[in-house]
Amino acid sequence: MSQDKSPRFLLSANELSKSFGGIKAVNNAKISVNRGSITGLIGPNGAGKTTLFNLLSNFIRPDRGEVIFDGKPIHHLQSYQIAQQGCIRTFQVARVLSKLSVLENMLLATQKQTGENFFRVWFQQKSVRQEERENKERAMAILESVGLIEKAHDYAGALSGGQRKLLEMARTLMTNPKLILLDEPAAGVNPTLIERICKHILTWNQQGISFLIIEHNMDVIMSLCHHVWVLAEGTNLADGTPQEIQNNPQVLEAYLGD
Ligand SMILES: Nc1ncnc2c1ncn2[C@@H]1O[C@H](COP(=O)(O)OP(=O)(O)OP(=O)(O)O)[C@@H](O)[C@H]1O
Ligand SMILES: [Mg+2]
């Protein structure tokens with residue numbers, strides 16, 4: 001297998017396959033994300049998009065294939081190690097802890113806590129407190145920027161579905177990501193909030209974060225993405241600019257046949 005270490009790609013995956021019993025959910029698929037880009041991943045229901053995310057982030061082990069992130073293979077790493085490398089994902093159904101506050105959900109994402117180090121106990125207490133204070137300030141600043149600051153001390157369970165998606169996205173920022181994989185950020189979200197989410201994605205992208213976005217909402221894909229990959233029945237159907245994809249008769253056919 002060729003390991004694609006081209007600096008142009010932040011993420012590239014080749015020959016990825018995963019079967020569940022007799023179903024080939026992902027079958028010899030490839031995908032890449034250019035550094036600094038917002039890349040789309042579309043396809044009819046059941047095409048294998050979420051499974052592909054699960055393989056990229058190693059929530060599910062691929063039967064075969066390789067994933068290169070930032071010049072290094074990551075398919076042998078655990079999910080949390082992939083997140084530590086700067087590749088973090090959200091879920092189709094937002095995973096927030098409902099019985100914790102919005103702020104506590106944000107703080108859970110922070111990594112490499114000094115408190116995990118048992119050395120220098122005397123000094124530690126001061127540095128732990130300082131780190132906690134910094135994390136809290138950072139979390140509050142992010143919540144402010146996404147318009148969730150007034151909800152900081154509410155239970156995450158009291159948020160609307162759209163706000164939960166926003167919180168899950170905001171939480172990824174606590175880990176200083178290079179690439180965020182978003183699984184249907186606009187699904188079940190009202191149009192006003194979709195617009196806000198799109199604006200945040202553009203702002204974060206301008207700050208240097210790359211995105212790979214699964215979405216059925218074509219307006220979102222067309223307005224955000226530099227490049228789009230199309231998956232159908234687990235395999236690559238096409239990739240190109242949003243305009244190329246929109247005018248591709250095979251893509252239209254795959255959707256109409258859905
Ligand atoms: N854990 C699993 N066990 C068995 N089959 C699965 C599992 N996960 C996915 N599948 C099957 O793999 C195929 C691809 O599913 P996947 O969820 O990846 O599609 P998708 O493109 O994300 O669809 P949607 O747009 O509806 O979210 C489907 O046939 C699905 O039923
Ligand atoms: Mg899915």
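Every number in this text was worked out from the coordinates using simple rules, so none of it is lab data. Note that the coordinates shown come from a computational prediction; the quantities given were computed from them, not determined experimentally. Don't worry about glycine lacking a Cβ; one is built from the backbone with ideal geometry, like all the others, and counts go over all protein chains shown.
A few points about this structure:
- Among Met218, Met169, Met140: highest mean-square fluctuation, GNM of the chain, C-alpha pairs under 10 Å: Met218
- Label-to-label distance, nm, for residues given as Lys72 and Glu253 (7 Å Cα→Cβ offset): 4.4 nm
- Over the residues of the chain, the helix contribution to mean residue ellipticity at 222 nm works out to -11000 deg cm²/dmol, using -39500 (n - 2.57) for each DSSP H run of at least 4.
- Extension gain for Asp63 to Met140 (0.36 nm times residue separation, less C-alpha to C-alpha distance): 23.6 nm.
- Relative contact order, whole percent, for the chain stands at 27, derived from Cα pairs under 8 Å and 6 or more residues apart.
- Net charge of Cβ neighbours under 11 Å - reference Thr90; Lys, Arg +1; Asp, Glu -1: +2
- Cα point-scatterer Debye curve for the chain, base-10 log of I(q)/I(0) at q = 0.10 Å⁻¹: -0.52
- Sequence of Ser145, Ser57, Ser101 once ranked by neighbouring C-beta atoms within 10 Å, starting from the fewest: Ser145, Ser101, Ser57
- Ignoring aspartates and glutamates fewer than eight residues from Lys30 along the same chain, the ones with Cα atoms less than 12 angstrom from its Cα are Asp4, Glu15, Glu66, Asp239.
- At full extension, Arg8 and Glu150 could sit 47.1 nm farther apart than now, given 0.36 nm per residue minus the alpha carbon distance.
- Sorted fewest first by neighbouring Cβ atoms within 10 angstrom, Tyr155, Tyr80 come out as Tyr80, Tyr155.
- For region 7-16, putting each phi into the Karplus relation 6.51 cos²θ - 1.76 cosθ + 1.60 with θ = phi - 60° gives couplings of x, 5, 8, 7, 9, 9, 10, 9, 6, 7 Hz, in residue order, rounded to whole numbers and with x for Gly and Pro.
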